[in-house]
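J.: Let me give you the structure first, and then I'll get to my questions.
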Amino acid sequence: DALALASAVFVAVYTLFGREVRKKVSTSVYTYVVYVVCGITLLIMCLLQGYQIFSYGTNVIIVGMLLAVFSTILGHSIFSWCLKYFTPSFVSASKLCEPVVAAILAIFLFGEIPSVLQILGSALIIGGVFYYSRIEKAGQK
């Protein structure tokens, strides 16, 4: 629970910080710096904790690279781009749709059918984000 709370705080701070930086810096420069700093930090932490970096096999490395391309470069870069044009609170709210999109992709890619409770939760998330976007739009008038 403490790690989840800390993660939420760090994501919020990162999003607010990103909004200010994106006013002056392009998406490609911003994301490049973020990816390099995160990669170096991850490498250092793995080495300090004694993890074997290259002993996982080819399949794991390929899957890791695919996750890096699709999740990080496509997903994270889009959110970074959005910070220049939308409020940080709207970008944060839209991030709530990630698990819903992942569940929809899982239906088509893996044949995983969500439970009724998961479908209801997904509808609640999408409804909440839609409702929030309407409130925010009305507040900007």
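J.: Given Cα pairs under 8 Å that are at least 6 residues apart, what percent is the relative contact order of the chain?
T.: 28
J.: Considering the dipole of the chain built from charges on the beta carbon (Lys and Arg +1, Asp and Glu -1) around the Cα centre, which of P114, Q52, F10 is farthest to its positive end?
T.: Going by the charge dipole, the pick is F10.
J.: Report, in debye and to the nearest 20, how large the dipole of the chain comes out about its Cα centre when Lys and Arg carry +1 and Asp and Glu carry -1 on their Cβ.
T.: Working: 9 positive and 5 negative charges, 139 e Å.
Computed charge dipole of the chain: roughly 660 debye.
J.: Quick one: which of 85-94, 35-44 comes out on top by average Cβ neighbours within 10 Å, and what's the full order, highest first?
T.: Ranked by mean Cβ neighbours within 10 Å, highest first: 85-94, 35-44.
J.: Packing-wise, with mean Cβ within 10 Å as the measure, how do 15-24, 59-68 rank, highest first?
T.: On the way: 15-24: 14.7, 59-68: 10.7.
Put in order of decreasing packing, that is 15-24, 59-68.
J.: While we're here: Does the stretch 4-67 come out rounded, prolate or oblate by the C-alpha gyration tensor, with a ≥ b ≥ c the root eigenvalues, rounded set by a/c under 1.5 and, if not, prolate when a/b is larger than b/c and oblate if not?
T.: Taking the square roots of the gyration eigenvalues as a ≥ b ≥ c, the stretch 4-67 is prolate.
J.: What percentages, rounded to whole numbers, describe P(r) for the chain computed over all alpha carbon pairs with 10 Å bin width beginning at zero?
T.: 9, 28, 36, 22, 4, 0
J.: Would you please classify the overall shape of the stretch 44-124 from the alpha carbon gyration tensor, given that a ≥ b ≥ c denote the square roots of the eigenvalues, rounded means a/c under 1.5, and beyond that prolate means a/b larger than b/c while oblate covers the rest?
T.: Taking the square roots of the gyration eigenvalues as a ≥ b ≥ c, the stretch 44-124 is oblate.
J.: Now for a separate question. Order Y32, Y132, Y56, most accessible first, counting only protein heavy atoms with a 1.4 angstrom probe. Working shown, then result.
T.: On the way: Y32 150, Y132 70, Y56 130 Å².
Result of the area sort, largest leading: Y32, Y56, Y132.
The values are calculated or read from the model by the stated rules, or taken from the named source; none is laboratory data. Predicted model, so just to flag it, every value in this text is computed and none were measured. Glycine gets a Cβ as well: all are built from the backbone with ideal geometry, and neighbour counts include every protein chain shown. Heads up: the accessible areas ignore ligands, DNA and RNA and are worked out on the full protein's heavy atoms, side chains in. Shrake-Rupley method; radii C 1.70, N 1.55, O 1.52, S 1.80 Å.
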